Ligand code: UT7
């Protein structure tokens with residue numbers, strides 16, 4: 001009697017959406033004491049996108065999702081589970097995944113949000129893989145979507161220059177064909193809990209005029225400590241995933257890392273002893289879009305012809321928590337399937353239902369309002385990013401990682 005081959009999770013669809021408004025480093029120079037040279041040399045970022053007043057995390061996620069579903073060649077109602085990774089949900093409740101479910105026209109799926117900060121898409125991807133290989137779901141939609149510009153303090157130059165808005169999505173589908181998602185590595189180091197955090201708004205510190213006066217509704221970050229964690233962890237997390245797949249780094253044709261900082265990505269390449277051309281980067285154009293960064297990068301890598309059928313790729317991320325995660329994938333979908341998604345699915349045709357009898361305040365941060373009001377986006381030419389001198393922590397295997405120093409309270 002022949003054995004039934006195991007069910008595998010294959011990426012069958014991918015898509016991304018970024019808002020049209022571009023915020024350049026030169027724009028930021030008008031708001032805080034910074035300059036293009038500092039931002040480019042320390043981060044590799046040249047510009048980022050800012051969502052318009054009528055856009056939300058759910059609306060961006062819905063556009064990226066419909067593009068991914070189109071590439072997968074299925075109907076939205078064939079999705080069994082929707083996992084939406086975000087740290088900037090539209091509301092505390094309902095989940096943003098529930099809003100997306102309705103907006104894409106799905107009537108059947110279970111829908112929930114994933115809270116693992118910048119690692120959220122990879123955590124969601126690994127969860128989708130488990131649902132599919134266990135037989136619980138046939139098609140899972142995994143989304144990373146963020147509207148970070150509404151949670152930034154535009155007087156804090158150490159954070160406001162880093163982040164941007166956008167969404168990316170992938171469809172994972174069950175198949176007994178060889179290939180698809182392989183080794184998963186997920187870690188969480190709670191010593192880093194207060195290195196990147198948003199102090200107020202939750203049960204520990206509910207929103208009040210006092211928390212707002214203290215600016216506790218904005219993202220805070222210990223940049224150096226986060227940098228050290230990232231450079232120590234990203235390469236070792238990626239390596240664990242690659243080895244769990246029975247492979248070595250040199251077998252991976254493209255790593256798709258979280259786009260936080262070009263120096264961090266450079267450190268990953270060095271940690272894995274690989275050239276930079278094995279790392280996909282678009283941090284220069286979008287900055288750090290947290291949970292959206294890996295799926296945006298994956299969609300662009302495939303659409304730009306950097307991923308071919310049979311290639312092995314590794315997605316890897318780190319973020320607040322501190323979390324990190326990686327999954328290695330043997331690519332099986334025809335990359336051409338994503339080619340026309342941006343023109344076929346237009347943002348203006350996708351709608352998230354609004355609440356009845358309730359008016360939101362103007363969501364655009366005051367510091368951005370003037371820049372957002374001017375006609376047309378500034379699109380400077382993109383030169384190659386010249387990274388600053390990286391100062392990564394030495395690469396260490398997972399078992400040898402030192403404990404983190406918690407931030408002073
Ligand atoms: O998804 C995870 C999210 N977080 C991250 O990935 C962040 C990880 N950390 C980093 O990427 C880096 O730590 C930063 C890019 C945030 C900062 O780079 P750095 O090389 O660690 O700079 P620093 O914080 O040591 O600051 C160096 C100097 C300081 O001035 P002094 O004290 O030497 O006079 C800062 O005040 O640069 C100053 N500085 C700036 N100058 C111009 C800090 N921010 C800015 C700025 N423009 N925007």
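The values are calculated or read from the model by the stated rules, or taken from the named source; none is laboratory data. Predicted model only: the values in this text are computed from it and were never measured. Here the Cβ is made from the backbone with ideal geometry for all residues, glycine too, and neighbour counts use every protein chain on show.
Pairs are defined by a Cβ separation below 9 Å, a sequence spacing of at least 6 or placement on different chains, a first member in segment 152-177 that is closer than 14 Å to residue 29 by Cα, and a second member that is away from the ligand (no atom under 15 Å from the Cβ); the pairs so defined are 154/365; 154/366; 154/368; 155/215; 156/215.
Across segment 282-293, the number of residues qualifying as more than 11 Å from the ligand (Cβ to nearest atom) and more than 23 Å from residue 25 (Cβ to Cβ) comes to 0. For segment 208-231, a residue qualifies if it is assigned to a helix (DSSP H, G or I) and out of contact with any helix residue (DSSP H, G or I) (no Cβ under 9 Å at 6 or more places or on another chain), and the qualifying residues are 209, 210, 211, 212, 213, 224, 228. Given the conditions (1) without any contact (Cβ under 8 Å) to a residue 12 or more places away in the chain; (2) away from the ligand (no atom under 16 Å from the Cβ), and given that residue 224 satisfies all but one, which numbered condition is not satisfied? That leaves (2) as the condition not met.
Within segment 328-335, at least one residue is out of contact with any strand residue (DSSP E or B) (no Cβ under 7 Å at 6 or more places or on another chain) and either over 25 Å from residue 226 (Cβ atoms) or away from the ligand (no atom under 16 Å from the Cβ) (or both).
What residue, of 255, 229, is within 24 Å of residue 164 (Cα to Cα), touching a strand residue (DSSP E or B) at 6+ places or on another chain (Cβ under 7 Å) and within 14 Å of the ligand (Cβ to nearest atom)?
Numbers: 255 fails: within 14 Å of the ligand (Cβ to nearest atom).
The conditions single out 229.
For segment 96-207, the helices (runs of 4 or more DSSP H) that sit wholly inside it and include 2 or more residues that are in contact with a helix residue (DSSP H, G or I) (Cβ under 8 Å, 6 or more places away or on another chain) and within 16 Å of the ligand (Cβ to nearest atom) are 120-133, 157-160. Remark: pairs (first residue in segment 105-126, touching a residue at least 40 places away in the same chain (Cβ under 8 Å); second residue assigned to a loop (DSSP other than H, G, I, E, B); Cβ separation under 6 Å; 6+ apart in sequence or on different chains) = 117/87; 117/320; 117/321; 118/258; 123/116. Only one of the listed residues (260, 238, 267) is within 15 Å of the ligand (Cβ to nearest atom), in contact (Cβ under 8 Å) with a residue 60 or more places away in the chain and touching a strand residue (DSSP E or B) at 6+ places or on another chain (Cβ under 9 Å). That residue is 260. One residue is enough: does segment 232-242 have a residue meeting the conditions part of a helix (DSSP H, G or I), modelled with pLDDT under 95 and within 25 Å of residue 314 (Cβ to Cβ)? Looking through segment 232-242, at least one residue is part of a helix (DSSP H, G or I), modelled with pLDDT under 95 and within 25 Å of residue 314 (Cβ to Cβ).
Residues checked against (1) at pLDDT 90 or above; (2) within 25 Å of residue 64 (Cα to Cα); (3) in contact with a helix residue (DSSP H, G or I) (Cβ under 9 Å, 6 or more places away or on another chain); (4) not in a loop (DSSP other than H, G, I, E, B):
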| position | (1), (2), (3), (4) |
| --- | --- |
| 308 | yes, yes, yes, no |
| 314 | yes, yes, yes, yes |
| 317 | yes, yes, yes, yes |
| 332 | yes, yes, no, no |
| 359 | no, no, no, no |
| 371 | no, no, yes, yes |
| 385 | no, no, yes, no |
| 391 | no, no, yes, no |
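The numbered conditions (1) touching a residue at least 12 places away in the same chain (Cβ under 8 Å); (2) over 15 Å from the mean Cα position of the chain (by Cα); (3) more than 16 Å from the ligand (Cβ to nearest atom) are all true for residue 299 except (2).
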